[in-house]
Structure formats: C-alpha cells, structure tokens
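K.L.:
For reference, the structure I am asking about is given below.
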Amino acid sequence: MRKPLIAGNWKMHKTRDEALQFIYAVANDLPSRQYVDTVICPQAPVLRDLVKRQGEQLRIGAQTMHEATEGAYTGEVSAALLENIGVDYVIIGHSERREHFAETDDAVNRKLHQAFRYDLTPILCIGEKLEEREGNRTEDVVAKQLDIALKGLGKDQVERLVIAYEPIWAIGTGKTATVEQAEETIAFIRRRVKETYDEAVSEQVRILYGGSVNPENLPAMLKTANIDGALIGGASLNAKDFLTMADAALKR
Ligand code: 13P
C-alpha cells in the first residue's frame, strides 16, 4: 500500500507572516505521518522558518533547485543548502519552470540526480499542453518527459521518487481533469515505470495528480487505484482547505 501524499505548492505567494500563520493553523490538526505525508512548498526565503516550525507531521519542500553543486549561478539555490537547512522535498520540472525559465527535460534529469545525491525527495512534474491533449498526444508527451527525466536513475531512487501528473491546461484554470482522465494518464505513467524498471518499482512510486485540485474534487481522485495524492496550488494557500484535503487522504 502506497502512503498518500498531499503537497501544497504555494508558488510566489505568502509573506513570512502569512506563511507562519498557516503553519500554526495546521500544525496540530494534520493527520499522522504514519498514514499520510503532508508537504508545503513555500518561497525559498522562508524555507528555514517553516522547517523550524513544521512539527511532527508536516514536511517542507522547495519549489526548485539548481543542478550544480555550487558555483556562479546568481539567484539559484543548491541541493546542498536545501538538505543543510532541513528541507525534505523538492519540486523538479514544474511546468511553470519549464515555460518561464526554460527548464528542459535534460536539466530536469540532471536535477533529479542531484536531488538524490543529497537527502531530498524529488517531486517530478510532467504533463501535456491543451493542444497536445486535443491532438491525442498526451501519452507520447508524458512518456517522453518521463523517459528523459528518469535516465540513469536506479530502482532504489525511482521507488523513492514522487511523480506529479499536472496537465498544463488544468493548472490555475479551475478546469480540473476528470477523474477518468487523471486516472487513465497516471495508470499509463505507472505502466511506463514498470516497463522501464519492474513491477516492484512501479508499485512503490507515488504518483500525484495536480491541476485545480480543491476539497470538493479531491476525494473522488483518491478513490482511484493509481492516484496517490495531489500537488495543489491555489487551494493549498488556505489552511482550512489544506486540512480538509489532508483529511480526505486519511479517509480514502
Ligand atoms: P492549481 O492547483 O492552482 O491549479 O496549481 C496546480 C499546480 O501547479 C501545483 O503545482
């Protein structure tokens, strides 16, 4: 049985005060880590503040990191520093990073290797654009992103990996994929992992859905065979909604 994971990607939202208020509001009411993993990914400057106050259940993730160990990369953040300040997760290859910051599949692959060199659990994001879905190319697009991202990773690494299937047309649009669309593509991703590695690995790897997830539409997603949780943008900014969604994972 894979443990469900509910992750909030705050993107470029919340000041330090707002972030701390959120942490205090959820800390005592989150489900036990024994049953559900909950993660918040805030803006980088408050990572350390949140790690210090994460409590027993919550874990903290970064929204991106650089692939190099160190060097002249103004503005970037290293895996070494993330590990050093107690961050546990890192989102890699979010579609907004790919679109606005020219992150390529090859860079995503190098970042995954780097995250695993440190003690970080990567949340690898993949997903198709609207015209790709409408052109029936979803599986080709997602397979290519996945194959390049996983190049050279060992079974033990992929077992620990989290994949988030985020169709780009569903992000921030209020237009969620249907449960059938999400489950179908996530089952495809799991089969692809099985073909590339083996059944044991594909049964271990957790695959989340992301794209306009909210407390209303999440429960049905969690009832499927393959969707192990969600990567949530907008709805994760609200403490009450985040708690409701973490609870839905506990009750699934
Ligand atoms: P929304 O939940 O706001 O659509 O964002 C999804 C997302 O991009 C999470 O990484």
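Any read-out appearing in this document is the output of simple, stated calculations on the displayed coordinates, not a laboratory observation. Just so it is clear, the model here is predicted, and its values are computed rather than measured. All Cβ positions, even for glycine, are placed from backbone atoms using ideal geometry, and neighbour counts span all protein chains on display.
K.L.:
Could you give the length gained by full extension between Glu184 and Lys52, i.e. 0.36 nm per residue of separation minus their alpha carbon distance, to one decimal place?
P.N.:
Numbers: separation 132, 0.36 × 132 = 47.52 nm, distance 3.89 nm.
Result: 43.6 nm gained on full extension.
K.L.:
For the cross-link pairs Lys52/Lys223; Lys194/Lys223; Lys129/Lys240; Lys111/Lys223, which exceed 27 Å when the distance is taken from alpha carbon to alpha carbon? Numbers along the way, then the final one.
P.N.:
Working: Lys52/Lys223 34 Å; Lys194/Lys223 22 Å; Lys129/Lys240 31 Å; Lys111/Lys223 32 Å.
The answer is Lys52/Lys223; Lys129/Lys240; Lys111/Lys223.
K.L.:
Amide H to amide H under 5 Å from Val213: which residues, 5+ apart in sequence or cross-chain, H placed 1.01 Å off N in plane?
P.N.:
Excluding prolines and chain starts, which carry no amide H, the hits are Gly233.
K.L.:
Rounded to a whole number of µm²/s, how large is the Stokes-Einstein D of region 33-77 at 37 °C and 0.692 mPa s, given Rh as the Kirkwood radius over C-alpha pairs?
P.N.:
272 µm²/s
K.L.:
Follow-up question, since we're still on this one. Using the number of other C-beta atoms within 10 angstrom as an exposure proxy, rank His66, His113 with the fewest first.
P.N.:
Numbers: His66 18, His113 15.
The order, fewest Cβ neighbours first, is His113, His66.
K.L.:
Moving on. What does the charge count around Thr64 come to, taking other residues whose C-beta lies under 10 Å from its C-beta (Lys +1, Arg +1, Asp -1, Glu -1)? Working shown, then result.
P.N.:
Working: positive: Arg97, Lys111; negative: Glu76, Glu96, Glu103.
Here the charged neighbours net out to -1.
K.L.:
Measuring from centroid to centroid over Cα atoms, what is the spacing of region 215-252 and region 135-214 in Å?
P.N.:
17 Å
K.L.:
Further, regarding this structure: Could you grab the Rg to Rh ratio for region 153-252? Cα atoms only, Kirkwood for Rh.
P.N.:
Working: Rg = 13.7 Å, Rh = 13.9 Å.
A ratio of 0.99.
K.L.:
Once amide H atoms are placed 1.01 Å from N in the peptide plane, what residues at a sequence separation of 5 or more from Val90, or on another chain, have their amide H within under 5 Å of its amide H?
P.N.:
Under 5 Å from the amide H of Val90: Ala62, Thr121, Ile123.
K.L.:
Once the Cα gyration tensor of region 29-119 is diagonalised, what are the square roots of 5 times its eigenvalues, in whole Å and ordered largest first, as equivalent ellipsoid semi-axes?
P.N.:
Equivalent-ellipsoid dimensions as semi-axes: 24, 14, 12 Å.
K.L.:
Give the share of C-alpha pairs in each 10 angstrom bin for the chain, from 0 to the last occupied bin, in whole percents, shortest bins first.
P.N.:
Over the chain, the share of Cα pairs per 10 Å bin runs 8, 34, 39, 18, 1 percent.
K.L.:
Under a point-charge model restricted to the Cβ atoms of Lys and Arg (+1) and Asp and Glu (-1), what is the dipole moment magnitude of the chain relative to its Cα centre, in debye to the nearest 20?
P.N.:
Working: 32 positive and 38 negative charges, 95 e Å.
Result for the chain is approximately 460 debye, rounded to the nearest 20.
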